[in-house]
């Protein structure tokens, strides 16, 4: 079976590489010629653990190719995945489907024999039907089916998520398309992966519903942390006590600075907008969107308060820049709001992240980026932990006292061990924790 992956962004590249590792012949196509040339030479535009090795392995085997040429590859394809970006549309919060519909138009011109067109991009309800309509209008004789197959890849764990997923969702209209998709995911049968076959609209909605529910869990535990700080309870104990209930589960019950990344922010907003379009409301999700926005904005104020408003010309160390560990993704990262707020109050920022500094420099070209953790902390008045990279977790009073001028440590991830700060030399502030 021959697969074409349209788009070599995060989803398209990971999916294409993994499908080739399943033994299929995959061609990843992108209009960006430089990007394609780099990929041919093993240069990857994103950071994802294990992806570089897998790409090299399957490129050498001949199963994985990269191209800018549409016509020949589409004509020879059995399955064409649309994995282009669907960013938040400027001004109204809806998903921008410009690239999706452009891809559908381009595909339509080259469909020769029966082809399954699969939307891998996150798209709102009704998009698959619109793709079908576009192709039929432009090529009435084309033999094809449209399938919705949303992705559930976590940045930092994407390969594992693809190879051993919790489930695979397939929205389809015909038995013929179902048969093709069954063959495509046959390698997962070894792990008894549940494959949910449903209609197109349900498949499209499952993705948004899943991400919005997880975002809700994050915001709920963050609100519980806010309450814990007021009443003197411990949010870590709350999360453990809740998580042991199997109806709730312990995933996404980790208090923090708020969610970020490429999915949750735009998908929650898009779901709210979709509900409005269909004359209904999802006030729970709307509340989550508003709360998460305000939470990230409030972090800087919290630091200023703990520093008693005295930040002028003082070095503040930012530990972690990406929105989560395991990725260099800076999109909607809480660190952006924090740094902007501290700069506004006259602080001198020194930042360190194991992988995200190149991306962060595009946003903050004028702040100091340290080459290592020690340089970042040296002569600092306050250390702010924003991303729970493993190398930060062992920080202690003994270690920091050799480097820092001040004694304020703010841990927005509750990643540090309280026992490492029981000598009274440092003031450790965590979220919703009893001191």
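The values are calculated or read from the model by the stated rules, or taken from the named source; none is laboratory data. Just so we're clear, the structure is a prediction, and the values are computed from it rather than from any experiment. Every residue, glycine among them, receives a Cβ derived from its backbone with ideal geometry; neighbour counts consider all protein chains shown.
Among the residues in segment 53-62, are any surrounded by fewer than 18 Cβ atoms within 10 Å (Cβ to Cβ), closer than 30 Å to residue 264 by Cβ and in the same structural domain as residue 158 (by TED's automatic domain parsing)?
yes
Within segment 330-343, which residues are surrounded by fewer than 20 Cβ atoms within 10 Å (Cβ to Cβ) and farther than 20 Å from residue 409 by Cα?
The answer is 331, and nothing else.
So for segment 49-56 (the condition being under 24 Å from the mean Cα position of the chain (by Cα), under 22 Å from residue 325 (Cβ atoms) and in a loop (DSSP other than H, G, I, E, B)), does at least one residue qualify?
Yes - at least one qualifying residue is present in segment 49-56.
Could you tell me whether segment 170-186 includes any residue that is touching a helix residue (DSSP H, G or I) at 6+ places or on another chain (Cβ under 6 Å), surrounded by 19 or more Cβ atoms within 10 Å (Cβ to Cβ) and either outside any loop (DSSP other than H, G, I, E, B) or not assigned by TED's automatic domain parsing to the domain that holds residue 85 (or both)?
Looking for residues that are touching a helix residue (DSSP H, G or I) at 6+ places or on another chain (Cβ under 6 Å), surrounded by 19 or more Cβ atoms within 10 Å (Cβ to Cβ) and either outside any loop (DSSP other than H, G, I, E, B) or not assigned by TED's automatic domain parsing to the domain that holds residue 85 (or both), one finds at least one in segment 170-186, hence yes.
Please determine, by comparing only the residues of segment 94-117 that are more than 19 Å from residue 140 (Cα to Cα) and surrounded by 17 or more Cβ atoms within 10 Å (Cβ to Cβ), which one is nearest to the chain's Cα centre (by Cα).
By that ranking, first place goes to 95.
In this structure, does residue 368 turn out to be surrounded by fewer than 16 Cβ atoms within 10 Å (Cβ to Cβ) and within 20 Å of residue 339 (Cα to Cα)?
Considered against the rule, which asks whether it is surrounded by fewer than 16 Cβ atoms within 10 Å (Cβ to Cβ) and within 20 Å of residue 339 (Cα to Cα), residue 368 comes out as yes.
Just to check your reading of the model, which residue among 208, 189 is loosely packed, with under 15 Cβ neighbours inside 10 Å and in a helix (DSSP H, G or I)?
That would be 189, the only listed residue that is loosely packed, with under 15 Cβ neighbours inside 10 Å and in a helix (DSSP H, G or I).
Quick one: how many residues across segment 236-250 are farther than 11 Å from residue 221 by Cβ and either touching a residue at least 12 places away in the same chain (Cβ under 8 Å) or in the same structural domain as residue 415 (by TED's automatic domain parsing) (or both)?
0
Any chance you could count how many residues in segment 274-297 are over 21 Å from the mean Cα position of the chain (by Cα), closer than 21 Å to residue 223 by Cα and surrounded by 15 or more Cβ atoms within 10 Å (Cβ to Cβ)?
Adding up the residues that qualify gives 1.
Out of all the residues in segment 315-329, which are at pLDDT 95 or above and buried (at least 24 other Cβ atoms within 10 Å of the Cβ)?
If the condition is that a residue be at pLDDT 95 or above and buried (at least 24 other Cβ atoms within 10 Å of the Cβ), then 316, 317, 318, 319, 320, 321, 322, 323 are the ones that fit.
Among the candidates 68, 86, single out the residue that is in contact with a strand residue (DSSP E or B) (Cβ under 7 Å, 6 or more places away or on another chain) and surrounded by 18 or more Cβ atoms within 10 Å (Cβ to Cβ).
86
Looking at (1) in a loop (DSSP other than H, G, I, E, B); (2) farther than 30 Å from residue 92 by Cβ, which is the one condition that is false for residue 280?
(2)
Answer yes if at least one residue in segment 411-418 is surrounded by fewer than 17 Cβ atoms within 10 Å (Cβ to Cβ) and within 29 Å of the chain's Cα centre (by Cα), and no otherwise.
Yes, because at least one residue in segment 411-418 is surrounded by fewer than 17 Cβ atoms within 10 Å (Cβ to Cβ) and within 29 Å of the chain's Cα centre (by Cα).
Given the criterion in contact (Cβ under 8 Å) with a residue 12 or more places away in the chain, within 22 Å of residue 149 (Cα to Cα) and assigned to a loop (DSSP other than H, G, I, E, B), identify the matching residue among 8, 27.
8
Select from segment 288-313 the residues that are within 22 Å of residue 122 (Cα to Cα) and touching a helix residue (DSSP H, G or I) at 6+ places or on another chain (Cβ under 9 Å) and list them in ascending order.
Those that are within 22 Å of residue 122 (Cα to Cα) and touching a helix residue (DSSP H, G or I) at 6+ places or on another chain (Cβ under 9 Å): 288, 289, 292, 293.
Those residues that are under 24 Å from the mean Cα position of the chain (by Cα) and buried (at least 19 other Cβ atoms within 10 Å of the Cβ), I need them from segment 126-146; list them, please.
127, 128
Which residue is surrounded by the fewest Cβ atoms within 10 Å (Cβ to Cβ), if the candidates are limited to segment 251-263 and must be over 17 Å from residue 223 (Cβ atoms) and touching a helix residue (DSSP H, G or I) at 6+ places or on another chain (Cβ under 9 Å)?
Among residues in segment 251-263 that are over 17 Å from residue 223 (Cβ atoms) and touching a helix residue (DSSP H, G or I) at 6+ places or on another chain (Cβ under 9 Å), the one surrounded by the fewest Cβ atoms within 10 Å (Cβ to Cβ) is 251.
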